[in-house]
1. For the list (1) modelled with pLDDT of 95 or more; (2) more than 25 Å from LYS41 (Cβ to Cβ), I need the number of the one condition that GLN134 fails.
2. Does any residue in region 99-127 that is modelled with pLDDT under 85 come within less than 7 Å, Cβ to Cβ, of a residue that is of a type in the set (Asp, Glu) and open to solvent by 40 Å² or more (accessible area, probe 1.4 Å) six or more places away or on a different chain, and which pairs are these?
3. It is to be established whether one or more residues within region 30-38 are outside any strand (DSSP E or B) and under 25 Å from TRP199 (Cβ atoms).
4. In this structure, does ARG304 turn out to be touching a Pro at 6+ places or on another chain (Cβ under 8 Å) and either under 26 Å from GLU209 (Cβ atoms) or open to solvent by 80 Å² or more (accessible area, probe 1.4 Å) (or both)?
5. SER84 - would you say it is more than 28 Å from the chain's Cα centre (by Cα), open to solvent by 60 Å² or more (accessible area, probe 1.4 Å) and of a type in the set (Gly, Ala, Ser)?
6. So which residues in region 84-93 are of a type in the set (D, E, K, R) and modelled with pLDDT of 85 or more?
7. Taking region 263-285, which residues are surrounded by fewer than 10 Cβ atoms within 10 Å (Cβ to Cβ) and modelled with pLDDT of 90 or more?
8. When you go through (1) in contact with a helix residue (DSSP H, G or I) (Cβ under 8 Å, 6 or more places away or on another chain); (2) over 30 Å from TYR65 (Cβ atoms) one by one for ILE156, which number turns out not to apply?
Amino acid sequence: IPYREAMLRYGTDKPDLRNPLVIIDLSEFFAGADFMPFKGKIVRAIRAPGAASRPRSFFKAMEKYALGIGMKGLGYITVQDDRSYKGPIDKFLDDPQKQRLAELCGAEGQALSPGDVLYFISDEPGAVAALAGQIRRELASVLGLVDEGRFDFCFITDYPMYEWNEEAGKIDFTHNPFSMPQGEMDALISDEPEAILAWQYDIVCNGVELSSGAVRNHRPDVMVKAFEIAGYDERTVAEKFGALYEAFSYGAPPHAGMAPGVDRIVMLLSEEENIREIIPFPLDSNARNLMLGAPSEVTEQQLREVHIKLR
């Protein structure tokens, strides 16, 4: 599943595919509607099958959850027996638009059905995907839609190489800066940074990332150009990453790989929610190893040996 598709359909790059709910992008649809709160905004929707018959407490609980994760509210419409909609958005849509909405939000080619609830999520571009993903997970959990008796695997591919760093005010790497960009030097020279994809991939099972992998960038000229786009000159690359920079200058074959974490696999098999539950001697909340008594105080001589000075 390409990264951008995963973020759109599931609101995360670690999707739990046992959850049948899918996020629908309605931004273009509402651009042509007269409902001003959504006009020109990013709008996502999630169809909750048969949820209209749920008690009022269900809707209150979902709204409370939405407010708890930072949303301003959680709008929705319900589909009536005559396939009309009940909700504040209904009166702003004409009949063709209602039909189109039913088609866009239906499942497997079927339009919205009586008893369905359609939830709407609208927010800033940097937040809407994650918020929709959280609503998707909560809905599936409350409605009991997740099949706990199976393992669903997928590869997430085509991660973007760069993103805009708001805090730093510049282009920066998204994940692994040492991955090979798709298109190699040609892409780095010709494409806009945020359009460049990397040969990176994760393997995900039931919403848990088991492993991250990549095709390693083995060419020093490509590495220097990739870091240049992120604001680092060749001298900085040679100083900070001297081992790779020098090694690759002698020539290295293309190479790639990944290594799934055994501890995460055990966590899934034992049906634990937290990886600390399956590690024999986990660190405590202060990152201390209570079995080994680490970290412990070190002597001034030990600090000198590794060129560390405490001030």
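1. In the conditions (1) modelled with pLDDT of 95 or more; (2) more than 25 Å from LYS41 (Cβ to Cβ), GLN134 misses (2) alone.
2. ALA111/GLU103
3. no
4. Details: touching a Pro at 6+ places or on another chain (Cβ under 8 Å): no; either under 26 Å from GLU209 (Cβ atoms) or open to solvent by 80 Å² or more (accessible area, probe 1.4 Å) (or both): yes.
For ARG304, the condition - touching a Pro at 6+ places or on another chain (Cβ under 8 Å) and either under 26 Å from GLU209 (Cβ atoms) or open to solvent by 80 Å² or more (accessible area, probe 1.4 Å) (or both) - is not met.
5. In short, no.
6. LYS86
7. The answer is SER270, GLU271.
8. Of everything listed in (1) in contact with a helix residue (DSSP H, G or I) (Cβ under 8 Å, 6 or more places away or on another chain); (2) over 30 Å from TYR65 (Cβ atoms), ILE156 misses just condition (2).
The values are calculated or read from the model by the stated rules, or taken from the named source; none is laboratory data. Not measured: the values here are computed from a predicted model. Note that we place each Cβ from the backbone using ideal geometry, even for glycine, and neighbour counts take in every protein chain shown. Heavy atoms of the whole protein, side chains included, go into the accessibility calculation; ligands, DNA and RNA do not. Shrake-Rupley method; radii C 1.70, N 1.55, O 1.52, S 1.80 Å.
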